[in-house]
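**Q** Take this structure, written in structure tokens, and hold onto it; I'll ask about it next.
The values are calculated or read from the model by the stated rules, or taken from the named source; none is laboratory data. All figures in this text were calculated on a predicted structure; none of them were measured in a lab. Cβ placement follows ideal geometry from the backbone for every residue including glycine, while neighbour counts extend to all protein chains displayed. Side chains are part of the model used for accessible areas, which takes the heavy atoms of the whole protein and leaves out ligands, DNA and RNA. Shrake-Rupley method; radii C 1.70, N 1.55, O 1.52, S 1.80 Å.
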Amino acid sequence: MPSSRQLIAIMFADIAGYTAMMQEDEALALQLRNKLLQKLEAEVAAHNGRVLYFKGDGALCSFTSNIEAVRAAIALQLDMQADPQVPLRIGMHAGDVVTDEESIYGDGVNIASRMESFAVPGSIFISGKIYDDIKNQKDIQTVSLGKYHLKNVKEEVEIFAISNPGIIIPGKNDLEGKGEKVVENKQFKMCVLVLPFINMSNDHDQEYFNDGLTEELISRLSGIKNMRVISRTTSMQYKHTTKDTKTIARENGVNYIVEGSVRKYGNNLRITAQFIEANNDAHLWAETYRGTIDDIFDIQESVSEKIVNALKIQLTKEEQNELEKRYTANTEAYQLYLKGRSFWKKRNEESLNSANAYFEKALEKDPGYALAWAGLADTYSLLGEFSNISRRILFPKQMAAINRALQIDNRLGEAHISLATSLMQNEWDWKNSEKEFKLGIQLSPNYATGHHWYGEWLLFTGNTEAAFDEINIAVELEPVSLGILKDKGIFYFYKEQYNQAINMGMMILELDEKFTPAYRLLSLAYTGMGLFDEAIEKNRQWGECTGNKVKTNVALAEIYALAGRTEDAGKIIMEVEAGETLSANDYRGMALVYVALGEKEMAFKWLEKSYVHHEESLGSIKIDSKWNPIRADTRFTDLLNKVGLSACGK
């Protein structure tokens, strides 16, 4: 049959986790596959459709009627819920496609495939086009899950879930797939993205200065409460981008973009800036500034004021003061601070030591530079994570820097967030850390890290729903922050939503395959699902990236113990106990190995060591299901009391 164009309904269906299922229990996997095939062929035929292909665990079907297609999907999915249960996901779309005897092609097929990637086992997702046809059918119920940008699809697509009795309806915050949710911006009518200023100088070492100018504008504009400003982390993802402003605006849900360039030669500057209404690609204003480095603060203030004037924003007195605020009048200190932040972002021990040195030099130039003190505090905090220096050693230095920053400027939101994090991690002072989180967020509502870490506070204290609300705000403010996305995956892990955690890990590695924590996230999630071979492989990759043999082996021992390979687990822990040097959170890791082995007394022995070393990972013991085998023991309750978590979340 020659190819032809048709407007048809397309249904993608597949069995979630089928590959892993085949490895674990091939007979069961084949039984479920045969059940799906038998019912699929019957329902598709009964509703005048075609099964175009059925390969492995998935199927592609077409229908001439959207209504009949959905009815077929409902009947199929309900049957899959009966024992033996088939974890089936279904995605559907209607569109113009090219058909021939064997298959169909076109954007309609791609959209249906993307829809299916968001679905969860037991659910049926349909696009807005199918919804328009079935919305008046009394036997079909639906709920909207919001609009999404699907991968390689230009237009936004609204996803609806079939909500008939027996069909799974996932939470809006639980969706992960090939695309991202459209930012609705209900709270913010004006949403701005400041793109990285382009370095027009021949000296590439001046990148820190350009990035600093970008960050300063972001910081100034973030003080305006009725304006949503996309974070530095997301902005820097567009460095050297070839994407047009419309595409960038759509990807981030913004309607205004600031872009510009910097030429710095010696002490002289030439800065260009333009403000663009992204939807229409209309330039609201453009300006060129010439001067010296001593004029940089005046230039920053002028650009910020022009943006405010272009948007016709009426500023409060407080917002006007924030817009005109200067953290230092010393341009040398300012440049040293920018260099420090440049090294701080690289997240490794060598760079953090360099950042420390630059912040200290900045403070030599201007001891009253609150941001530099906050930068120093943040560096001590990260050294506790990316070096072998104990947090207990770094804690006094970190607190001294935080206190100095707050003495100089007690309305610096970032410093309050730093204090909150330190109180949570170093002191387990949950009451006062929450107060500081709330104050920091009030002072800097667009500071994504504040929402991120407050979300962690809420998670650890048992308020899971509010925790997801906070981390979703953080993701909205920093859509491509790998650290925030990774921790959203960790949130899913603690909630035992392992598929979503794996989706987050995979998405992160698509953005940056060298982001080491993603491998740890995946190893944890695969372990939670009982997919131990996959967990071992991701643990191996994590170890290769970190180079920390002991930490990797402790994690491997836990996987072995949970997989029933007790002898292999025993060999590892014997080596560790024979004299290996342990670092942060390894004592808790050893306790988890013994929990998995069923050796309660040894588990409590290592938990006590973890407590003595004040390991920050003990903050998660209230909500981590891995502790369930010993949770009923009074010693565990005593530990919760000592960590301050027994009364939290009640």
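**Q** Once Lys and Arg get +1 and Asp and Glu get -1 on their Cβ, which of ASN210, THR242, TRP606 lies farthest toward the positive end of the dipole of the chain?
**A** ASN210
**Q** Another one. Could you go through the stretch 122-134 in sequence order and give the Karplus-derived ³J(HN,Hα) for each residue, using 6.51 cos²θ - 1.76 cosθ + 1.60 with θ = phi - 60°, rounded to whole Hz, and x for Gly and Pro?
**A** Using θ = phi - 60°, the values come out as x, 10, 10, 10, 10, 8, x, 5, 6, 4, 4, 7, 9 Hz.
**Q** Sticking with this one: Along its principal axes, what span do the Cα atoms of the chain show, with the longest given first and each in whole Å?
**A** 79, 68, 45
**Q** Can you give the extra length, in nm with one decimal, that the chain gains between GLU513 and ASN202 once fully stretched, where that is 0.36 nm per residue apart less the Cα-Cα distance?
**A** Details: separation 311, 0.36 × 311 = 111.96 nm, distance 3.06 nm.
Extra length from GLU513 to ASN202 when fully extended: 108.9 nm.
**Q** Moving on. List the residues whose amide H sits under 5 Å from the amide H of TRP285, counting only those 5 or more places along or on another chain, with H placed 1.01 Å from N in the peptide plane.
**A** PHE275
**Q** Taking the Cα centre of the stretch 23-175 as the origin and placing charges on Cβ (Lys, Arg +1; Asp, Glu -1), which of GLN77, GLN137, ALA29 is farthest toward the positive end of the dipole?
**A** The one lying farthest along the dipole's positive direction is GLN137.
**Q** Between the stretch 458-492 and the stretch 114-132, what's the alpha-carbon centroid distance in Å?
**A** 24
**Q** If you average the sequence gap of Cα pairs under 8 Å that are 6 or more apart and divide by the length of the stretch 336-482, what percent do you get for the contact order? Kindly include the intermediate steps, with their values, before the conclusion.
**A** On the way: 201 pairs, mean separation 21.1, N = 147.
Result for the stretch 336-482 is 14 percent.
**Q** Within 10 Å of each candidate Cβ there may be at most 14 other Cβ atoms; applying that plus a DSSP loop requirement, which GluC sites (Glu not before Pro) in the stretch 420-518 survive?
**A** Numbers: sites: GLU427, GLU434, GLU436, GLU456, GLU465, GLU470, GLU476, GLU496, GLU510, GLU513; in loops: GLU496, GLU513.
Passing sites in the stretch 420-518 are GLU496, GLU513.
**Q** Per residue, how many Å² of accessible area does the chain show with a 1.4 Å probe?
**A** Numbers: 28610 Å² over 650 residues.
Per-residue accessible area for the chain comes out at 44 Å².
**Q** Would you please give the residues with an amide H less than 5 Å from that of VAL194, counting only those at least 5 places away or on a separate chain, with H modeled from the backbone geometry?
**A** For VAL194, the qualifying residues are ILE230, VAL258.
**Q** At R0 = 45 Å, how high is the FRET efficiency between GLU427 and GLN38 if r is their beta carbon distance? Nearest 0.05 is fine. Walk me through the intermediate numbers first.
**A** On the way: r = 60 Å, r/R0 = 1.34.
FRET efficiency, GLU427 to GLN38: 0.15.
**Q** Going through the stretch 349-431, which trypsin sites (Lys or Arg not before Pro) have at most 12 other Cβ atoms within 10 Å and a DSSP loop state?
**A** Nothing satisfies the criteria.
**Q** So for the pair GLU24, LYS438, with labels modelled 7 Å out along Cα→Cβ, what separation do we get in nm?
**A** Using points 7 Å along Cα→Cβ, the separation is 4.3 nm.
**Q** Okay, moving on. How much of the accessible area of the chain, probe 1.4 Å, is carbon plus sulfur, in whole percent?
**A** 47
**Q** Contact order normalised by length for the chain, with contacts defined as Cα pairs under 8 Å and 6 or more residues apart; what percent is it? Don't jump to the answer; show the numbers that get you there.
**A** Working: 1114 pairs, mean separation 45.6, N = 650.
It rounds to 7 percent for the chain.
**Q** Would you mind calculating the relative contact order of the stretch 469-513 from Cα pairs under 8 angstrom and at least 6 residues apart, reporting the percent as a whole number?
**A** Working: 26 pairs, mean separation 13.3, N = 45.
The normalised contact order for the stretch 469-513 reaches 30 percent.
**Q** Please give the FRET efficiency for ALA75 paired with ASP281, using the beta carbon to beta carbon distance and R0 = 56 Å, rounded to the nearest 0.05.
**A** Details: r = 48 Å, r/R0 = 0.86.
Using R0 = 56 Å, I get an efficiency of 0.70.
**Q** Related question: Longer than 31 Å from Cα to Cα, which of LYS147/LYS239; LYS365/LYS549; LYS397/LYS642; LYS438/LYS622; LYS264/LYS325 are they? Say none if no pair is. It would help to have the intermediate numbers written out before the result.
**A** Details: LYS147/LYS239 27 Å; LYS365/LYS549 42 Å; LYS397/LYS642 25 Å; LYS438/LYS622 22 Å; LYS264/LYS325 24 Å.
Too far apart for the 31 Å limit: LYS365/LYS549.
**Q** Give the residue from TRP627, GLY122, SER390 lying farthest towards the positive end of the charge dipole for the chain; charges sit on Cβ (+1 for Lys and Arg, -1 for Asp and Glu) and the dipole is referred to the Cα centre.
**A** Among TRP627, GLY122, SER390, the one farthest towards the positive end of the dipole of the chain is SER390.
**Q** Also, quick follow-up: If the only charges are +1 at each Lys and Arg Cβ and -1 at each Asp and Glu Cβ, what is the size of the charge dipole of the chain around the Cα centre, to the nearest 20 debye?
**A** Details: 73 positive and 91 negative charges, 194 e Å.
Charge dipole of the chain: 940 debye, to the nearest 20.
**Q** How large is the charge dipole for the stretch 19-175, taken about the Cα centre, if only the Cβ atoms of Lys, Arg (+1) and Asp, Glu (-1) carry charge, to the nearest 20 debye? Mind dumping the intermediate values first?
**A** Details: 15 positive and 22 negative charges, 75 e Å.
For the stretch 19-175, the charge dipole is close to 360 debye.
**Q** Any chance you could get the radius of gyration and Dmax over the Cα atoms of the stretch 549-595, in Å?
**A** 9.4, 27
**Q** Now a separate question. Restricting to DSSP loop positions (anything but H, G, I, E, B) with no more than 11 other Cβ atoms inside 10 Å of their own Cβ, which chymotrypsin sites (Phe, Trp or Tyr not before Pro) remain in the stretch 272-312? Intermediate values should be presented prior to the final figure.
**A** Working: sites: PHE275, TRP285, TYR289, PHE297; in loops: none.
Those that pass, being in a loop and sparsely packed, number zero.
**Q** Let me ask something additional. Give a residue-ordered list of calculated ³J(HN,Hα) values for the stretch 442-447 (Karplus: 6.51 cos²θ - 1.76 cosθ + 1.60, θ = phi - 60°; whole Hz; x for Gly, Pro).
**A** Values, residue by residue: 5, 6, 10, x, 9, 7 Hz.
**Q** How big is D for the stretch 450-510, in µm² s⁻¹ as a whole number, if Stokes-Einstein is applied with the Kirkwood radius of its Cα pairs at 20 °C and 1.002 mPa s? Don't skip to the answer; put the middle values down first.
**A** Details: Rh = 11.2 Å.
Result for D is 191 µm²/s.
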